[in-house]
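The values are calculated or read from the model by the stated rules, or taken from the named source; none is laboratory data. Note that the structure is a prediction, hence the values are computed from the model and not measured. All Cβ positions, glycine included, derive from the backbone under ideal geometry; neighbour counts span all protein chains shown.
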C-alpha cells in the first residue's frame, strides 16, 4: 500500500513489520514471515531452502489470516460479452489476483450492481429488446477490499427472435430393451442457434438434450411407444415435431431384476479398514460405485473447510504426477490408492495399478458387473456449485467425465453433491441457482455420455446420490433429474446421529410417533419415498439406500433402552471413527455381548443396542430390518437397493441377505 498524501502520517501493510522470508534461515514452529505481501506462520522447524517458499509449501507454512488485510485485488481484465439475445447475455472476464485470495466478483449494469459471481462468468437475464447496456466488474476479497473496475463493455440487445427452428429429421430408434431405447436424429437449423431438443412419447415429455441422441429410460415392458422430437432455441421458439417412430419394448424379467449398487471407498485399502477390491464378492452386486473422485479447481482438489473430516487440499494428479487441467475437471481423489498401489500380478511397468486396475480385473471375472466413478461426497462437494454455475465449467466437467471413464475403464459417473443450495459443509460454494444449475450440469453430462456411447456402441450410466430431506427435495428439480439420470441412489440413512442431542434411529423405515427428536415425520424412508413420488420421480428410477453401519451416542438416559433419550454426546467408541460402527464389528463385539442388549422397534422396523452401564446407544441395520426394507422397495416398485459401504460388512452377512432378498436375472459367477 502506498503512503498517504500527508507526509507526517504513514501507513504500511502489516507484513512490512515482519521479517521477510529468506533462504538459509532457520525457522522454528510459530515463527512469522512476510512473503509477497502476505504473512505466513511456520508449522515445522526447518532451515529454508530455495524452492521452499511459503506460498508453495503448505506442509511448512500456513497463511496467517490474523494479520489485517488492506490490499485490494487487482482489477478484472478482458471483460467480454457473448450469447446475446433479446433478454439475456453472458459476461466473461480474466480472473483478478489478491495477496490472500479473491472472494467474488460484483457485476455492474449501467453503474448499478446487479449480482455477484464466484467464477469468472455471469449470465444476465431480464433484459429488454433493442436496448443498450454498459457493464463492468469489480473483484472483492474476504476482508472487504474492492478492486478498481474492469474495462467496460457496451452491448445492444437485438430484436426479439420469433423464428422457430426447423423440425428434426430422420428420427430412428435402436438398442431397445424392456425399459430403455436409444433415439437419434438429424440436427435442426435456426436463424440464431438451436439450444436443445425435447423428446416426447405421445404427448408426454420424456427428457431433453442438447445433442442429437438420447437414451429414454423408465419405460414399461411390452409397451408400444410413439416417439417424436422437437427442437427449441434460446428465445423459447419450438419447432414442429420430427417424424414419429414407433417402438415396442421387450418383455421384462419375470423373476425380478433389481439393481444392487455397492459403494467402495478409496480409503478402504488403508490399515484402518484394510478392505480392498479383491475382497468384494461381485456375484452379489450389479454395480460398484467407486468413491470418490474430486473436482480440480485452480490446480488443487480437496476441501480446506476446517469443519470437515479432512480439511486438506492436494495438487491435481493422475497416475504419472501433477497435471494442469481446466477448472471443473474430474481428477483422482487418491492417486496412490486409485492407480498407484501394487497388487499381486502388477509389474513395475503396469501403467495403471491400484483399485482401478483391480476393478477392471473384477469385471473380467464377473461380466455382469458395471463400475461407476462417484464424484464428490460429503468432504468434496465444495466446488459443485461453482462448476454448475459456469456454462464453460459444466462443459469441462462433462467432457472430463467421458475422458475419465474411457481412460480408467468405468461404465458411468455418479454425482454425490452434498448438497445443492446449502446444508453441506459451511465452506462449500453454494447459491440459490444450484437448483436449476444442477439440472443443467447433469444434462451436459448426459449429452456427452450419449455422444460417447453412440461412438462406442454402449450405454454409459449417469446417476446421483441424493438426500432424503424435504429441503433437498425443494432445492433440486427431481422430476427433471429423473428424466436425465438412469437412476437416483437415495441416501436413506444418517437421519439421526451424534449431531442430534437425543438418540434416534439411523434409518427408520416408518415414522414413529414416540420420536421426539428432529423432524421425525420427515426423517424416515416412507416419507422420503412419498416425497420423491410426489415430486414426479418414477418409482423405477429410485434405488433405496441401505446402511451397513450404525451410529452411537454415550450417556443416554436408561429409559426405553436409551431410545429417544437425551445423551451426553456422540459415542467415543467406534470401529474406525468415533461414533460410527461397522456391522461386522457390531456382530462380533456388541450385539448381545459385553453389556449390550439388542432391542427391536416394531414401528420403525429397526434394531438398536443399549448398554446401561455406559449409557451407550447404537442404532443400526441387520438382516431382519433389511428384509423389511427390501420388501418395502419391491412393494413400491423401486429399482433396487444401494448400500454404504462394502468394508462395513467384512463377513458379507448383510450383502448375502440383500442378494437373497433382491433377485437378479444376470447372476454370473467366475
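Some points to look at:
- Members of region 623-650 found to be touching a helix residue (DSSP H, G or I) at 6+ places or on another chain (Cβ under 7 Å), under 24 Å from residue 572 (Cα atoms) and assigned to a loop (DSSP other than H, G, I, E, B), listed by number: 650
- Test: residue in region 522-529 that is without any contact (Cβ under 8 Å) to a residue 40 or more places away in the chain, buried (at least 23 other Cβ atoms within 10 Å of the Cβ) and within 23 Å of residue 643 (Cα to Cα): no
- Each residue in region 275-318 was checked for being in a loop (DSSP other than H, G, I, E, B) and surrounded by fewer than 20 Cβ atoms within 10 Å (Cβ to Cβ), and 10 of them qualify.
- Tallying residues that are at pLDDT below 95, loosely packed, with under 14 Cβ neighbours inside 10 Å and touching a strand residue (DSSP E or B) at 6+ places or on another chain (Cβ under 8 Å) within region 134-145 yields 1.
- For region 391-411, filtering for residues that are surrounded by 19 or more Cβ atoms within 10 Å (Cβ to Cβ) and either in the same structural domain as residue 115 (by TED's automatic domain parsing) or under 26 Å from residue 310 (Cβ atoms) (or both) leaves 9.
- Filter result for residue 149 (at pLDDT 95 or above and touching a strand residue (DSSP E or B) at 6+ places or on another chain (Cβ under 7 Å)): yes
- Scanning region 173-204 for residues that are assigned to a strand (DSSP E or B) and more than 16 Å from residue 240 (Cα to Cα) returns 173, 174, 181, 182, 183, 184.
- Residue match in region 161-175 (condition: surrounded by fewer than 14 Cβ atoms within 10 Å (Cβ to Cβ) and farther than 27 Å from residue 444 by Cβ): yes
This table checks each residue for (1) closer than 28 Å to residue 201 by Cβ; (2) surrounded by fewer than 18 Cβ atoms within 10 Å (Cβ to Cβ); (3) in contact with a helix residue (DSSP H, G or I) (Cβ under 7 Å, 6 or more places away or on another chain); (4) touching a residue at least 24 places away in the same chain (Cβ under 8 Å).
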| residue | (1), (2), (3), (4) |
| --- | --- |
| 477 | yes, no, yes, yes |
| 481 | yes, no, yes, yes |
| 504 | no, no, no, yes |
| 514 | no, yes, no, yes |
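- Residues that are assigned to a loop (DSSP other than H, G, I, E, B) and either surrounded by fewer than 19 Cβ atoms within 10 Å (Cβ to Cβ) or in contact with a helix residue (DSSP H, G or I) (Cβ under 7 Å, 6 or more places away or on another chain) (or both), drawn from region 556-573: 556, 557, 558, 559, 568, 572, 573
- Residue identified as assigned by TED's automatic domain parsing to the domain that holds residue 542, farther than 30 Å from residue 515 by Cα, crowded, with 20+ Cβ neighbours inside 10 Å and in contact with a strand residue (DSSP E or B) (Cβ under 7 Å, 6 or more places away or on another chain) among 439, 463: 463
- The listed residues are 272, 262, 211, and the only one of them that is in contact with a strand residue (DSSP E or B) (Cβ under 9 Å, 6 or more places away or on another chain), in a loop (DSSP other than H, G, I, E, B) and either buried (at least 22 other Cβ atoms within 10 Å of the Cβ) or touching a residue at least 40 places away in the same chain (Cβ under 8 Å) (or both) turns out to be 211.
- Scanning region 322-375 for residues that are part of a loop (DSSP other than H, G, I, E, B) and touching a residue at least 60 places away in the same chain (Cβ under 8 Å) returns 325, 326, 327, 328, 333, 334, 341, 343, 366, 367, 368, 369.
- All told, residue 590 falls short of being under 33 Å from the mean Cα position of the chain (by Cα), surrounded by 14 or more Cβ atoms within 10 Å (Cβ to Cβ), touching a residue at least 24 places away in the same chain (Cβ under 8 Å) and not assigned by TED's automatic domain parsing to the domain that holds residue 367.
- Members of region 625-644 found to be over 15 Å from residue 506 (Cα atoms) and touching a strand residue (DSSP E or B) at 6+ places or on another chain (Cβ under 7 Å), listed by number: 630, 633, 638, 639, 640, 641, 642
- Residues of region 20-48 that turn out to be in a loop (DSSP other than H, G, I, E, B), modelled with pLDDT of 85 or more and surrounded by 11 or more Cβ atoms within 10 Å (Cβ to Cβ), as a count: 8
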